[in-house]
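The values are calculated or read from the model by the stated rules, or taken from the named source; none is laboratory data. What you are looking at is a predicted structure, and each value in this text was computed from that prediction instead of being measured. FYI the Cβ positions are ideal-geometry reconstructions off the backbone, even for glycines, and counts take in every protein chain you see.
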């Protein structure tokens, strides 16, 4: 079993939790200790620490998640109905590949049992085994990265935190359907990389666009299977990261809003936070990011693809050569647009699919403008 790779929590964390009141979050979580392992049949969310940062060439310390756990468990929960376990830590293997193998097996087992893993790294190359955990599920995967960079690398290069996306795109089996970047900063990415995102029909929103209207990113998260956060996407004045100083980035409120969007998405089945420097200052924001993700999971509405279309209003907009079909939820007022299955072509999506969209995209269609994301998905679907 994948969970056999996990080590129990250290004594400092367990002693801290014992000193908490019954109202603290730490008193409402089951832990992997020296004496017992949580019963996974009763768990919805599983926290897993990964003590691996060899993929970060600039790392100066070994990974230590003690501060993060103490900050998180010292918070108070909302009025949540969600069961949480801390499964302990995955220690780094003899090589990075050993760690990747172990993390893939752990996440594979959790996802197969409809448990959402919350992975706390570690370096961001751990996104690669998190993605590979979906291989046996035989489904196309949508990945959202909250990141200031795209993390492309050379084709033959080994996997690093700054190049893992190239390995995800090129390595077989090719399960990646869409990659969405939220918060890239233009001056940190070459024009060649920005052009490549366009050529691959991927999605990317600049930091300024998201900061000025955070709601534009919500449809990306609603369509995601995996969401990963690079903590260097948050400006240092808010994250507390003064080792790799970042003057621009999301503020604390914005990154927590994006984390809540991730949790509230009915489709997101794994979540990861990477590229921090083990500092006590950073651990405060990381704990709050995780808190907002858990809050989002509690408020999931179980809409598409889990509910029926009976609770939606259907809008049909005729174009010259086709019709665009939109659906609006009666429950949450959220919008979707239909991606038709074209039987005469080789479709990656094997049936009619609903793509999350915004009300603004519906208004564009009303003015006879094809929504860009709908067009991109159509192109990817038949390539």
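If the condition is being out of contact with any helix residue (DSSP H, G or I) (no Cβ under 7 Å at 6 or more places or on another chain) and outside any loop (DSSP other than H, G, I, E, B), then the stretch 316-339 contributes 316, 318, 323, 325, 328, 336, 338.
With the condition being more than 17 Å from the chain's Cα centre (by Cα), I'd like the helices (runs of 4 or more DSSP H) fully within the stretch 34-141 carrying at least 1 qualifying residues. Don't jump to the end; show me each part of the working.
Numbers: elements: 66-73, 96-112, 127-132.
Result: 66-73, 96-112.
Filter the stretch 222-236 down to residues that are assigned to a helix (DSSP H, G or I) and either in contact with a strand residue (DSSP E or B) (Cβ under 8 Å, 6 or more places away or on another chain) or not assigned by TED's automatic domain parsing to the domain that holds residue 164 (or both), then give me how many there are. Explain how you work it out, then say what you get.
So the first thing to find is which residues in the stretch 222-236 are assigned to a helix (DSSP H, G or I), and the list is 222, 231-233, 236.
In the following step, the residues that additionally are either in contact with a strand residue (DSSP E or B) (Cβ under 8 Å, 6 or more places away or on another chain) or not assigned by TED's automatic domain parsing to the domain that holds residue 164 (or both) were identified as 222, 231, 233.
Number of matching residues: 3.
If the requirement is being surrounded by fewer than 18 Cβ atoms within 10 Å (Cβ to Cβ) and out of contact with any helix residue (DSSP H, G or I) (no Cβ under 7 Å at 6 or more places or on another chain), which of these qualifies: 277, 302?
On the way: 277 fails: surrounded by fewer than 18 Cβ atoms within 10 Å (Cβ to Cβ).
So the residue among 277, 302 that is surrounded by fewer than 18 Cβ atoms within 10 Å (Cβ to Cβ) and out of contact with any helix residue (DSSP H, G or I) (no Cβ under 7 Å at 6 or more places or on another chain) is 302.
Checking each residue in the stretch 176-192 for being surrounded by fewer than 17 Cβ atoms within 10 Å (Cβ to Cβ) and either part of a strand (DSSP E or B) or touching a residue at least 12 places away in the same chain (Cβ under 8 Å) (or both) picks out 185, 186, 188.
Of the residues making up the stretch 237-283, those that are under 15 Å from residue 183 (Cβ atoms), in contact (Cβ under 8 Å) with a residue 24 or more places away in the chain and assigned to a helix (DSSP H, G or I) are 238, 239, 252, 254, 255, 256, 257, 258, 259, 261, 262.
Of all residues in the stretch 1-13, those being modelled with pLDDT of 95 or more, touching a strand residue (DSSP E or B) at 6+ places or on another chain (Cβ under 9 Å) and assigned to a helix (DSSP H, G or I) number 1.
Could you tell me which residue of the stretch 201-221 is nearest to the chain's Cα centre (by Cα), considering only residues that are part of a loop (DSSP other than H, G, I, E, B) and either at pLDDT below 95 or buried (at least 16 other Cβ atoms within 10 Å of the Cβ) (or both)? Only one residue tops the list, namely 202. For the stretch 38-52, state whether one or more residues are out of contact with any helix residue (DSSP H, G or I) (no Cβ under 8 Å at 6 or more places or on another chain), surrounded by fewer than 16 Cβ atoms within 10 Å (Cβ to Cβ) and farther than 21 Å from residue 290 by Cβ. Checked against the condition, which is being out of contact with any helix residue (DSSP H, G or I) (no Cβ under 8 Å at 6 or more places or on another chain), surrounded by fewer than 16 Cβ atoms within 10 Å (Cβ to Cβ) and farther than 21 Å from residue 290 by Cβ, the stretch 38-52 yields at least one hit. Just one residue in the set 274, 250 is in contact with a strand residue (DSSP E or B) (Cβ under 9 Å, 6 or more places away or on another chain) and more than 22 Å from residue 106 (Cα to Cα); that residue is 250.
Table: residues versus (1) over 22 Å from residue 252 (Cβ atoms); (2) in contact with a helix residue (DSSP H, G or I) (Cβ under 8 Å, 6 or more places away or on another chain).
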position	(1), (2)
170	yes, no
176	yes, yes
193	yes, no
198	yes, no
205	no, yes
217	no, yes
221	no, yes
227	no, yes
233	no, yes
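In the stretch 101-121 there is no residue that is surrounded by fewer than 16 Cβ atoms within 10 Å (Cβ to Cβ), in contact with a strand residue (DSSP E or B) (Cβ under 9 Å, 6 or more places away or on another chain) and farther than 28 Å from residue 284 by Cα.
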